[in-house]
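Novice: Got a structure here, written out as structure tokens. Questions coming.
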Amino acid sequence: MTARRDGRDLGAPLKAHRIDEAVLAKYLNDHIAGFGDTCTIQQFRGGQSNPTFLLQADSGSYVLRKKPPGELLPSAHAVDREFRVISALASSEVPVPKALHLCEDDSIIGQMFYVMDYVAGRVFSDPSLPGCTPAERTTAYRSSAAVLGELHAVDYQVVGLETFGRPDNYVARQVARWSRQYASSKTEDCAAMDQLMEWLPANDPDDNRTAIVHGDYRPGNLIFDNDDLIVVAVLDWELSTIGHPLADLGYFLLPYRLDAKILGSGLRGLDLEEFGIPNEQAMIDAYIASAGSEQVNNVDYYIVFSMFRLAAILAGVLRRGIDGNASDPSAIERGRAFSQFADSAWTIARQL
């Protein structure tokens, strides 16, 4: 049975992700001050990566994220990196949940996990923000662009993330990494992916600007205030590292280049003015103002790169769904969309 909290779907943990409540409560009571002797566990629905759970204890609500079970691709599902980055950003202008405890001992619940505060608010998987007024959508989008700019304005050395990633050749390394990940999780042929793996390295702008990058910055990974729709927390830092800020911006702008009817995750074809959603250039301007940047160049290249990377991620979702260890029962259906994202990316690349 599915319940809802702040508009987010919850249910009993899936069979592959079940956790012994008594064992977890005892452990957390020893490591989080005042946690309590008991807790109930529900799993958030819809995530395709690290399984995420709502813990309800006498002391309040918490969120647990852990690695999925089964054999994992190298460097994937790094919950310890998530914990590190949200801990480092606690003193910045970027809104993040308070990190409480990281457990690297697999014997407690079967996988590495961390616990953070629960942040109340609304989460939208659909970029059209259904159920919102035009004014609310305008606020939500402008706030999203501003928070992304604030993230890229953070000095990663000052907050202790100087070893969080290599600052050079980020896009080239990412293309190589996701090409390998795609090859490792490949379940079916896709000509567009093969073409993109050749085109991206050959057309790299070779611009070595660096910042903390989130890696999956979109409405579905943001919590918006229940009342005024400003961003109150940024979630899911699994793909974060030190990299090129325009890779994040290109990913954030993806919905403007995706057909709302065909792919179900785009804005193209909608009347943005009627919906109250600022256009792509308005988002770029809001981002620049917040990040303190002077200009944004080659954004189309970074949009193609972001589509390719998302296609590779979805191919991994498909593989986990087929293998039976995905965190969402709809993983196979969602994962099969990887080829559509690859086709869209290749269409833009050919025009460039």
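The values are calculated or read from the model by the stated rules, or taken from the named source; none is laboratory data. Model, not experiment: these values are computed from the prediction. Ideal geometry is used to build each Cβ from the backbone, glycine not excepted, and the neighbour counts take in all protein chains shown.
Novice: If you check 204, 225, which single one turns out to be assigned by TED's automatic domain parsing to the domain that holds residue 156 and in contact with a strand residue (DSSP E or B) (Cβ under 6 Å, 6 or more places away or on another chain)? Full working, then the answer.
Specialist: Values: 204 fails: in contact with a strand residue (DSSP E or B) (Cβ under 6 Å, 6 or more places away or on another chain).
The match here is 225.
Novice: Can you tell me which of 291, 331 is touching a His at 6+ places or on another chain (Cβ under 7 Å), among the hydrophobic types (A, V, I, L, M, F, W, C) and surrounded by 15 or more Cβ atoms within 10 Å (Cβ to Cβ)?
Specialist: On the way: 331 fails: touching a His at 6+ places or on another chain (Cβ under 7 Å).
Exactly one of 291, 331 is touching a His at 6+ places or on another chain (Cβ under 7 Å), among the hydrophobic types (A, V, I, L, M, F, W, C) and surrounded by 15 or more Cβ atoms within 10 Å (Cβ to Cβ), namely 291.
Novice: Against the conditions (1) out of contact with any Leu (no Cβ under 7 Å at 6 or more places or on another chain); (2) closer than 19 Å to residue 244 by Cα; (3) surrounded by 15 or more Cβ atoms within 10 Å (Cβ to Cβ), where does residue 315 fall short? Just the number, please.
Specialist: (2)
Novice: Then there is this: So, in the stretch 101-115, exactly how many residues are in contact (Cβ under 8 Å) with a residue 24 or more places away in the chain and touching a Phe, Trp or Tyr at 6+ places or on another chain (Cβ under 7 Å)?
Specialist: Residues of the stretch 101-115 in contact (Cβ under 8 Å) with a residue 24 or more places away in the chain: 101, 103-104, 108-115.
Within this subset, residues satisfying the condition of being touching a Phe, Trp or Tyr at 6+ places or on another chain (Cβ under 7 Å) are 101, 103, 108, 114-115.
Here the count works out to 5.
Novice: OK, next. If residue 148 satisfies all but one of (1) part of a helix (DSSP H, G or I); (2) touching a residue at least 60 places away in the same chain (Cβ under 8 Å); (3) under 20 Å from residue 81 (Cα atoms); (4) more than 17 Å from the chain's Cα centre (by Cα), what's the number of the condition it fails?
Specialist: (4)
Novice: Of the numbered conditions (1) touching a strand residue (DSSP E or B) at 6+ places or on another chain (Cβ under 6 Å); (2) on the phi > 0 side of the Ramachandran plot, residue 54 satisfies every one except a single condition; which is it?
Specialist: Going through (1) touching a strand residue (DSSP E or B) at 6+ places or on another chain (Cβ under 6 Å); (2) on the phi > 0 side of the Ramachandran plot one by one, residue 54 breaks only (2).
Novice: Is it fair to say residue 248 is in the same structural domain as residue 333 (by TED's automatic domain parsing), under 18 Å from the mean Cα position of the chain (by Cα), at pLDDT 95 or above and among the charged types (D, E, K, R)? First the steps, then the outcome.
Specialist: On the way: in the same structural domain as residue 333 (by TED's automatic domain parsing): yes; under 18 Å from the mean Cα position of the chain (by Cα): yes; at pLDDT 95 or above: yes; among the charged types (D, E, K, R): yes.
Judged against the criteria, residue 248 is a match.
Novice: Of these, 246, 196, 200, which one is in contact (Cβ under 8 Å) with a residue 24 or more places away in the chain, farther than 16 Å from residue 312 by Cβ and either of a type outside the set (A, V, I, L, M, F, W, C) or buried (at least 23 other Cβ atoms within 10 Å of the Cβ) (or both)?
Specialist: 246
Novice: Can you say whether residue 147 is modelled with pLDDT of 95 or more and farther than 26 Å from residue 288 by Cβ, as far as the supplied structure shows?
Specialist: Details: modelled with pLDDT of 95 or more: yes; farther than 26 Å from residue 288 by Cβ: no.
Taking the combined requirement at face value, the residue does not satisfy it.
Novice: Checking the structure you have, find out if any residue of the stretch 182-203 is modelled with pLDDT under 95 and aromatic (Phe, Trp, Tyr).
Specialist: yes
Novice: Among the residues of the stretch 226-235, what is the count of those that are under 9 Å from the mean Cα position of the chain (by Cα) and either surrounded by fewer than 17 Cβ atoms within 10 Å (Cβ to Cβ) or without any contact (Cβ under 8 Å) to a residue 40 or more places away in the chain (or both)?
Specialist: Qualifying residue count for the region: 0.
Novice: On the basis of being under 27 Å from residue 261 (Cα atoms) and not assigned by TED's automatic domain parsing to the domain that holds residue 296, does residue 216 make the cut? Walk me through it before giving the result.
Specialist: Details: under 27 Å from residue 261 (Cα atoms): yes; not assigned by TED's automatic domain parsing to the domain that holds residue 296: no.
Against the criterion (under 27 Å from residue 261 (Cα atoms) and not assigned by TED's automatic domain parsing to the domain that holds residue 296), residue 216 does not qualify.
Novice: Which residues, taken from the stretch 1-16, are outside any strand (DSSP E or B) and either without any contact (Cβ under 8 Å) to a residue 60 or more places away in the chain or in contact with a Cys (Cβ under 9 Å, 6 or more places away or on another chain) (or both)?
Specialist: Here is the first cut: in the stretch 1-16, the residues outside any strand (DSSP E or B) are 1-2, 6-7, 12-16.
Answer for the stretch 1-16, where residues must be outside any strand (DSSP E or B) and either without any contact (Cβ under 8 Å) to a residue 60 or more places away in the chain or in contact with a Cys (Cβ under 9 Å, 6 or more places away or on another chain) (or both): 1, 2, 12, 13, 15.
Novice: Can you tell me which condition residue 223 does not meet? The list is (1) modelled with pLDDT under 95; (2) buried (at least 17 other Cβ atoms within 10 Å of the Cβ); (3) hydrophobic (A, V, I, L, M, F, W, C), and all the others hold.
Specialist: The failed condition is (1).
Novice: Kindly indicate which of 310, 267 is among the hydrophobic types (A, V, I, L, M, F, W, C) and more than 17 Å from the chain's Cα centre (by Cα). If you could, list the steps in order and put the result at the bottom.
Specialist: Values: 310 fails: more than 17 Å from the chain's Cα centre (by Cα).
That would be 267, the only listed residue that is among the hydrophobic types (A, V, I, L, M, F, W, C) and more than 17 Å from the chain's Cα centre (by Cα).
Novice: Further question on the same structure: Only residues that are assigned to a helix (DSSP H, G or I), among the β-branched types (Val, Ile, Thr) and over 19 Å from the mean Cα position of the chain (by Cα): list them for the stretch 286-307, please. Before the answer, list the steps.
Specialist: Pass one, the stretch 286-307, residues assigned to a helix (DSSP H, G or I): 286-291, 299-307.
Still in the list and also among the β-branched types (Val, Ile, Thr): 288, 299, 303-304.
288, 299 - these are the residues of the stretch 286-307 that are assigned to a helix (DSSP H, G or I), among the β-branched types (Val, Ile, Thr) and over 19 Å from the mean Cα position of the chain (by Cα).
Novice: Give the residues of the stretch 260-281 that are charged (D, E, K, R) and either free of Cβ contacts under 8 Å to residues at least 60 places away in the same chain or on the phi > 0 side of the Ramachandran plot (or both), sorted by residue number. Lay out the reasoning, then the answer.
Specialist: Applying the first criterion (charged (D, E, K, R)) to the stretch 260-281 yields 261, 268, 271, 273-274, 280.
Listed by number, the residues that qualify are 261, 268, 271, 273, 280.
Novice: Looking at (1) modelled with pLDDT of 90 or more; (2) in a helix (DSSP H, G or I), which is the one condition that is false for residue 270?
Specialist: For residue 270, the failing item is (2).
Novice: Kindly list the number of the only condition in (1) of a type in the set (S, T, N, Q); (2) surrounded by 20 or more Cβ atoms within 10 Å (Cβ to Cβ); (3) part of a loop (DSSP other than H, G, I, E, B) that fails for residue 143.
Specialist: The failed condition is (3).
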